[in-house]
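Since the structure comes first, as structure tokens, the remarks are kept for the end.
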Amino acid sequence: MTVTLEPLRRAHIPRCVEIERILFVGDGPWSASAFRSELDAGGHYVAAVTEDGALAGYAGLAIAGRQGDWETSVHTIGVDPEFQGRGVGTLLLRALLARADELRAPVFLEVRTDNERAIRLYERHGFDRVGVRRRYYRPSGADAYTMCRPPLGGAEAPDASRAEREEAG
Ligand SMILES: CC(C)(COP(=O)(O)OP(=O)(O)OC[C@H]1O[C@@H](n2cnc3c(N)ncnc32)[C@H](O)[C@@H]1OP(=O)(O)O)[C@@H](O)C(=O)NCCC(=O)NCCS
């Protein structure tokens, strides 16, 4: 199977919504309007497409801050179950991390504490657990780890509790 990455576009959204409903049942799968808002917000969104044109997966990095002081978050990453375990998730994550590295930005994300496969994937790409958010996912009530990957260049990861306070305020 050959998969190529391309920018995620509005035409991909209906299939993204279908995949979300499979992957994130109970954890608030994104609607079409949620995807549209994310694309409009100008983050780095990528689609993994097979040679037959099927959407194998998608991922998005939100970017906040300003020149010299960027902060990024993995807002979503999902692979169609039919295509899981073949390197698509790794490809998508690396595309997001390459963009964060261009910005020399730290990368934050939340992941269910029981999602061992995703946690391992993130740990192998330089993420550390920096906090727990109790009952983060709705309606399931599942807990999340906050994970952070420091910016390229070895700078210290920003203090996660400070980032959360700023987000809340
Ligand atoms: C997490 C996810 C994005 C990974 O995508 P993927 O395409 O399956 O991942 P890859 O094929 O690149 O494999 C990543 C790792 O998971 C392992 N893996 C993949 N499929 C597996 C399976 N069925 N059982 C056990 N491990 C598996 C791979 O071995 C690989 O580890 P390795 O590099 O040590 O070999 C995908 O499983 C997914 O969409 N999950 C549901 C949504 C989700 O949890 N998103 C993350 C929310 S934070």
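For this structure, a couple of remarks:
- Filter result for the condition that a residue is among the hydrophobic types (A, V, I, L, M, F, W, C), away from the ligand (no atom under 14 Å from the Cβ) and touching a helix residue (DSSP H, G or I) at 6+ places or on another chain (Cβ under 7 Å), over 77, 13, 63, 22: 13
- A residue that is at pLDDT 95 or above and buried (at least 20 other Cβ atoms within 10 Å of the Cβ) cannot be found anywhere in region 132-142.
- The listed residues are 124, 86, and the only one of them that is modelled with pLDDT of 95 or more, open to solvent by 50 Å² or more (accessible area, probe 1.4 Å) and farther than 30 Å from residue 14 by Cβ turns out to be 124.
- The lone criterion from (1) more than 16 Å from the chain's Cα centre (by Cα); (2) farther than 22 Å from residue 106 by Cβ; (3) of a type outside the set (Gly, Ala, Ser) left unmet by residue 24 is number (1).
- Scanning region 17-67 for residues that are free of Cβ contacts under 8 Å to residues at least 12 places away in the same chain, assigned to a strand (DSSP E or B) and β-branched (Val, Ile, Thr) yields no hits at all.
- Only one of the listed residues (66, 36) is under 24 Å from residue 139 (Cα atoms) and either open to solvent by 60 Å² or more (accessible area, probe 1.4 Å) or modelled with pLDDT of 95 or more (or both). That residue is 36.
- Residues located in region 80-99, provided they are farther than 16 Å from residue 38 by Cβ, within 14 Å of the chain's Cα centre (by Cα) and free of Cβ contacts under 8 Å to residues at least 60 places away in the same chain: 89, 90, 93, 94, 97, 98
- Qualifying positions in region 102-128 - in contact with a helix residue (DSSP H, G or I) (Cβ under 8 Å, 6 or more places away or on another chain), more than 9 Å from the ligand (Cβ to nearest atom) and not in a loop (DSSP other than H, G, I, E, B): 107, 108
The values are calculated or read from the model by the stated rules, or taken from the named source; none is laboratory data. Being a predicted model, the structure only gives us computed values, none of them experimental. Glycine gets a Cβ as well: all are built from the backbone with ideal geometry, and neighbour counts include every protein chain shown. These area figures cover heavy atoms from the full protein model, side chains too; ligands, DNA and RNA do not enter into them. Shrake-Rupley method; radii C 1.70, N 1.55, O 1.52, S 1.80 Å.
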